[in-house]
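Working notes for the structure below.
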Amino acid sequence: MRSRLEALAFALVLLGAWQLLHGKVVPGPVEVAKGIGELWERGLLVKYALDSLRRVAIGYAVACALGIPLGLWMGLSSTVFAAANPLVQILRPISPIAWIPIAIVIFGIGEAAPIFLIALAGVFPIASAVAAHVRTVPPMFVAAARNFGLSEPQIVRRVLFPAVLPQMLSSLRLALGVCWIVVVAAEMIAVDSGLGYLIIDARNAGKRYDLVIAGMVLVGAIGLVLDMLFRALEKIPSVRWGFR
Amino acid sequence: MRNWMVSAIAIAVAIVAWDVAVRLSDHTLIPGPVAVVRALGELASTGRLFRYAIASLFRVTWGFTLAIAVGVPIGLALGWWQRGARIVGPVIQFMRPISPLAWIPLAILWFGVGDASAIFLIFIATVLPLMMTAMQAARGVHRVHAMAARNFGLSGVQILRRVVLPSARADLVAGIRVALGIAWLVVVAAEMIAVNSGLGFQIVDARNAGDRYDLVVAGMLTIGLIGLMLDNAIRRAA
Amino acid sequence: MKLEASGVAMRFGEVNVLEPVELSVREGEFVCIVGPSGCGKSTLLQILAGFIAPTAGRVTADGVAVTRPDRKRIFVFQERGVFPWLTVAENIGFGVEKAKRDAKVKELVPLVGLEGFEKTYPHELSGGMKQRVEVARALAVDPDVLFLDEPFGALDSITRLTMRAELLRIWQAAKKTVLFVTHDVDESVQLADRVIVMSARPGRIRAVVDVDIPRPRDISSPRYLELRDGILAEIGLAHEI
């Protein structure tokens, strides 16, 4: 309890310092709070947040649907790993933002482009991580399953998948964080709603830095909530063993 | 079949598939592999490739080094003194999900368009992950080692330097690799929006100055390859 | 012969891990393989169970060649082999077909003394308890042979004594053939009908000792000490520290 109060005190001290030190153009916490209030009244806060969340949800789902099976396959078969890994390693360091011109050419202006970027941002880290996790499963587990006469698909389903689940959850949580960061960037182009759009538009259309920072605060808060929700998943009994 | 052969064949198949897909599609703007290779040649021969790569690497070096210099010591100290971690932790957790790109308007406001903006953005993007890695690494130091250090009468700073830092080294290196990956992603994004040189800028410029998508993809490939080389370099050096 | 190995040898690259070995095990026997670290006893056990193919020789079970692991001959690893994402009951029922699972679990939980822990997860159990889960899981599929590879290695010595008595009790109730690998000479003489003594580098069988003491065994009796000291001498270990 005491440490929570201390943490709160620390945060308040920082806010206080910000309020005192802010210059003319950059607003302090009070103006930002007012900015958040304004967004709420105009109905934009909920709308923009939901727009961003929707795009992340779809992009992230695509990233998982592609990345997890690919990662499992890469982890299980060194041939598949040798085939897929070079492509993954070359494409992964290319910032999703760098894909924007190509994304616009392929998908045009609209919902598909940001979702494509988000999926792109998530799929490589997920596939890489899952492949690595599969390799760390103790061979003993697979040997025991074979001993009991399980077929290969059964071994994957009943032993490999549950065994990697805790580590995979951690990686999926980190990947969600990445996707959330990218949605902000993806919305800086090609769309006209969402928190990323708000951040850029507020500045361009009138130097409303209070709204810019309000947007940043909202992005931080929602990102934090997503992270906490994911961590709650880690308490489920059949994965809790991996998080001691 | 040996693994490197599988890799080589897979890459060859991917290139062929790319070529076929481009030929069959309606999008006349997307370049095929041959066009991209020619574009790479064009960039290399005019010296732009080299100059832009250097500019990007320069910014990464500065921003990343600053982030290490600030983030790692603070992180190690916070990780070691548990109370500090509990006090500062929530604030860090809150700041972390804020996309570095969301800082762009502020960066331009404070630093204008140029190197400083990019370096600032890279710093912002990597300092918190590095701090958190260092905190995690410090906490991972074996209790037994810590007890031995105190037994021998070492002061706080000495413990950090002679026990915590060496023990945490492996975890730190892993975290540095990840953060370097982030830095490389951010520099490209920053250059596309807030700077007038570098590999990121080259992509935007190629498109704006005449829809040269072959140069765009050539730039993307260069970015991918350099990012890969950076990662390998860190892995070797560790 | 329940299990037979003839001319079984193993080479990893340049290294001869196991010289040609002859071994036969009768049905219902409790056989211990004892030897110092690195003598290849674990490798031999894995070859007998069908997990590794020997570089020479062959293994037969009931006259049929052994080329892969089989439900009839279950390998019990140390307690780490228990699946951490399944409860005790789910672990025990793992190899059993769905229809028969509940009945099997009900039968085996009391046999291994884990009543009340059916819904507990392994990370909440002690090492000895996890070991029992693994034995129960092995017994649930009604194998002919059990291979145990230093199963009590990670347990403290007091728990080890209890577990040995438990294992003998279960063995006598279930009437399986057991092959048990250990580096602990006392353990081998306490448990086995026959002790196979191996020496290291390269691994080979030095001696086979019949333990003719009736059960329950008095571990202070002269015959016990005589047999144990004999094996220690065979391995080349001194009498006094």
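Assorted remarks:
- Within straight-line cross-link reach of C:Lys130, aspartates and glutamates at Cα separation under 17 Å, skipping those fewer than 8 residues along the same chain: C:Glu79, C:Glu90, C:Glu115, C:Glu118, C:Asp149, C:Glu150, C:Asp156, C:Glu166
- D (Stokes-Einstein, µm²/s), Kirkwood Cα radius, the protein assembly as shown, 0.692 mPa s at 37 °C: 110 µm²/s
- Label-point separation in nm, B:Ala209 to B:Ala238, each point 7 Å along Cα→Cβ: 3.8 nm
- Dividing the convex hull volume of the alpha-carbon atoms in segment A:50-190 by its residue count gives 106 Å³ per residue.
- A simple charge model with +1 on the Cβ of Lys and Arg, -1 on the Cβ of Asp and Glu and nothing else charged puts the dipole of the protein assembly as shown at about 860 debye relative to its Cα centre.
- Normalised Debye scattering of segment B:56-195 at q = 0.16 Å⁻¹ gives log10 I(q)/I(0) of -0.80, counting only Cα atoms as equal scatterers and leaving out solvent.
- Potential lengthening of the chain between A:Arg135 and A:Met228 amounts to 30.7 nm, from the contour at 0.36 nm per residue minus the alpha-carbon distance.
- Those aspartates and glutamates that a straight Cα-Cα span of less than 20 Å connects to A:Lys34, excepting residues fewer than 8 apart in one chain: A:Asp201, A:Asp210
- Over the residues of chain B, the helix contribution to mean residue ellipticity at 222 nm works out to -27500 deg cm²/dmol, using -39500 (n - 2.57) for each DSSP H run of at least 4.
- Most mobile listed residue (B:Leu130, B:Leu228, B:Leu57) in chain B, GNM with C-alpha springs under 10 Å: B:Leu228
- DSSP beta bridges fully contained in the protein assembly as shown are about 50 percent antiparallel.
- Between segment C:51-113 and segment A:186-244, the Cα center-to-center distance that results, in Å: 49 Å
- From least to most packed, judged by other beta carbons within 10 angstrom and beginning with the fewest, A:Trp180, A:Trp73 follow the order A:Trp73, A:Trp180.
- Among the listed pairs C:Lys2/C:Lys104; A:Lys235/C:Lys104; C:Lys106/C:Lys175; C:Lys2/C:Lys41; A:Lys235/C:Lys119; C:Lys41/C:Lys104, a Cα-Cα separation exceeding 22 Å is found for C:Lys2/C:Lys104; A:Lys235/C:Lys104; C:Lys41/C:Lys104.
- Computed over chain C, the Cα gyration tensor eigenvalues convert (square root of 5λ each) into semi-axes of 29, 22, 16 Å, ordered from largest to smallest.
- Here the gap between C:Glu14 and C:Asp218, fully extended at 0.36 nm per residue and compared with their Cα-Cα distance, gives a gain of 68.9 nm.
- Label-point separation in nm, C:Arg68 to C:Glu124, each point 7 Å along Cα→Cβ: 3.8 nm
- Listed residue (B:Val186, B:Met147, B:Ile122) projecting farthest to the positive dipole end of segment B:56-195, Cβ model: B:Met147
- Residue exposure sequence - B:Val113, A:Val183, C:Val25 - by fewest surrounding Cβ within 10 Å: B:Val113, C:Val25, A:Val183
- Estimated from helices alone, the mean residue ellipticity of chain A at 222 nm is -26000 deg cm²/dmol (sum of -39500 (n - 2.57) over DSSP H runs with n ≥ 4, per residue).
- The ranking of A:Val217, A:Val32 by Cβ neighbour count inside 10 Å, starting from the fewest, reads A:Val217, A:Val32.
- When chain B is treated as a Gaussian network with alpha carbon springs shorter than 10 Å, the biggest mean-square fluctuation among B:Gln136, B:Gln158, B:Gln202 belongs to B:Gln158.
- Protection proxy ranking, highest mean first, for peptides C:203-214, A:15-26: C:203-214, A:15-26, where packing is the per-residue count of other beta-carbon atoms within 10 Å, averaged.
- Efficiency of FRET from Cβ geometry, B:Arg2 and C:Thr162, R₀ 56 Å, rounded to 0.05: 0.60
- Gyration tensor verdict on chain A (Cα atoms; rounded if a/c is under 1.5, prolate if a/b is larger than b/c, oblate otherwise): oblate
- Of the residues A:Ala132, A:Ile109, A:Ala61, the one whose Cα sits farthest toward the positive end of the charge dipole of segment A:50-190, with +1 on the Cβ of Lys and Arg and -1 on the Cβ of Asp and Glu, is A:Ala132.
- Segment A:9-84 and segment C:150-224 have Cα centres spaced 61 Å apart.
- Degrees, to the nearest 10: C:98-111 long Cα axis against longest axis of chain C: 70 degrees
- Helix runs (DSSP H) in chain B reaching 27 Å along axis by Cα, Kyte-Doolittle at least 0.0: B:3-24, B:48-80, B:115-139, B:165-194, B:213-237
Bear in mind that the values in this text are calculations on the coordinates, not laboratory data. The structure displayed is predicted, hence computed values, not measured ones. Heads up, the Cβs are rebuilt from the backbone with ideal geometry, glycines too, and the neighbour counts pull from every protein chain shown.
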